[in-house]
Structures are given as structure tokens and as C-alpha cells.
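Structure record follows, encoded as C-alpha cells.
The values are calculated or read from the model by the stated rules, or taken from the named source; none is laboratory data. Quick caveat: nothing in here was measured; it's all calculated off a predicted structure. Cβ: placed from backbone, ideal geometry, glycine included. Neighbour counts: every protein chain shown. Surface accessibility is based on the protein's heavy atoms, side chains included, excluding ligands, DNA and RNA. Shrake-Rupley method; radii C 1.70, N 1.55, O 1.52, S 1.80 Å.
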Amino acid sequence: MASRTPLSRDRIINAAATVADGAGVAAVSMRSVAKVLGVEAMSLYHHVPSKEALLDDLADWVFARIELPEVGDSWREAITARARSARSVLTAHPWALGMMESRPNPGPALLQHHDRLLGVLMAEGFSAALATHAFSAIDAYVYGFALTETSLPFEPGDGAEEAFAVKVAAPAELYPHIARSRAELFGGGGYAFADEFDYGLELLLEGLGRRVADASPALPGRVTHP
């Protein structure tokens, strides 16, 4: 007879993520998680004191899966890689969007995440205030894009965007700018909504680059914008 894998906090959190992936974070309870693990709900309390503590751990579980740069990395490359990683994690686990910054007891992964990103920016000449503004703006963009992407009424790619645009096409005489936009986007072929992520992120990074260059004295090796 095979021995049962002992319960642990990590196993419980992973099971909670499984529940959330299947039915949303509202479905996460001590009972539903215990069912995934094949145990009684009361046995979870030896490892996790409450459902609220479990939800705090679940938010931290998300942050632990987002790629983190190292302090000293080029800030633009670091922020780009981290933003792409966050988008990937959030589209895979869309229930996390409402939890990322809302839990009252931030865990170590969340705190390390914030500290590391601020460190990357400040090491590259960002003031504490500008680094905080940058962090906030980029996260708002990433979270908002992921929310839109997971809420689209079609599966992006393989011409789905154009087919949807045709389906909901508005009269050109009433909405000429929408008609022009649609014609230009799809006239050349190859438009994909997913490509908007990198384009929009680059717009943000260009603006931040100008801000940090304007706010910082010229340093050896630092390229400043005219």
C-alpha cells in the first residue's frame, strides 16, 4: 500500500491554486482545498491558521511565479522581462488579478518583488519617487492588459481579431474613425491584439527613460535624451 504524501503548507497552497484555476478564487475554501488533497478540512488548520491566511499565501504564490530581475540589470530590459512574465502568469491564472495588491498581509515573495523592482530602478538613476511612479504605471498597464486579454470575446490569433471586427462592424457613415482604424489595421493583414502589449509597454518605457534622463545628472556611460 502506497504511503500518503504528508500535508504541508506548500501542498495546501498549490491545491488552493488548483481550485482557483478551476472555479475562481471565490471557490477557495478550506473544504474545497481539502477535497483536492483528499483529506478532511480540519487537517489543514495544522498548517494554515485560517482561510484568510490561505488567501494571503495564494497571493504570494502568484508573485513567486513572476520572473524577477537582479539589481544592476539594465532597467529597460529588466522591466520588459518582468512585465512579460507578469502578463504570462496573470493570463494563466486570471483569478489573481483581483488579489495582487489587495491582501492585508503581504508575504515575503510580494515584498521581495516590490523591493527588487524598486532597487533595479533606483540603481539606474531613478529617484525613490520616480521609481514608485514607474512601478505603479507599469503594473497598472500590465494588470489592465491582462484583464482585457482574458476578457476578450474571442481567442486571439489566426484571424480571430479581424473576424470579430467584421462581426461587430459599425456603420462607417456614423463612426468614420472606427471604420478608418479597422481598414488600416486589417488592410495590411497580420494584426494581432497580443502585439499591442509590447507596443504599449515600449511607449511607457520611452516616457520613463526621458523622465529619468531629465531628472538625473549625466553620469559616465549613461545615455541621455536630447
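Scanning region 1-45 for residues that are of a type in the set (Lys, Arg) and either surrounded by 17 or more Cβ atoms within 10 Å (Cβ to Cβ) or in contact with a strand residue (DSSP E or B) (Cβ under 9 Å, 6 or more places away or on another chain) (or both) turns up just one, Arg11. Test Glu124 against the criterion of being open to solvent by 70 Å² or more (accessible area, probe 1.4 Å) and acidic (Asp, Glu), and give yes or no. Considered against the rule, which asks whether it is open to solvent by 70 Å² or more (accessible area, probe 1.4 Å) and acidic (Asp, Glu), Glu124 comes out as no. Total residues in region 85-113 satisfying the condition of being surrounded by 16 or more Cβ atoms within 10 Å (Cβ to Cβ) and either of a type in the set (Gly, Ala, Ser) or within 22 Å of Glu206 (Cα to Cα) (or both): the figure is 6. Residues in region 140-164 that are touching a helix residue (DSSP H, G or I) at 6+ places or on another chain (Cβ under 8 Å) and acidic (Asp, Glu): Glu149, Glu161, Glu162.
Every residue in region 143-169 that is closer than 30 Å to Gly187 by Cβ, of a type outside the set (D, E, K, R) and not in a loop (DSSP other than H, G, I, E, B), please. Selection gives Gly144, Phe145, Ala146, Leu147, Thr148, Thr150, Ser151, Ala160, Ala163, Phe164, Ala165, Val166.
Among the residues of region 140-170, those that are under 22 Å from Ala96 (Cα atoms) and touching a residue at least 24 places away in the same chain (Cβ under 8 Å) comprise Tyr141, Val142, Tyr143, Phe145, Ala146, Leu147, Glu149, Thr150, Leu152, Pro156. Within the bounds of region 95-106, is there any residue that is over 19 Å from Ile138 (Cα atoms), touching a helix residue (DSSP H, G or I) at 6+ places or on another chain (Cβ under 8 Å) and of a type in the set (Ser, Thr, Tyr)? Within region 95-106 (the criterion being over 19 Å from Ile138 (Cα atoms), touching a helix residue (DSSP H, G or I) at 6+ places or on another chain (Cβ under 8 Å) and of a type in the set (Ser, Thr, Tyr)), the answer is no, since none of the residues qualifies.
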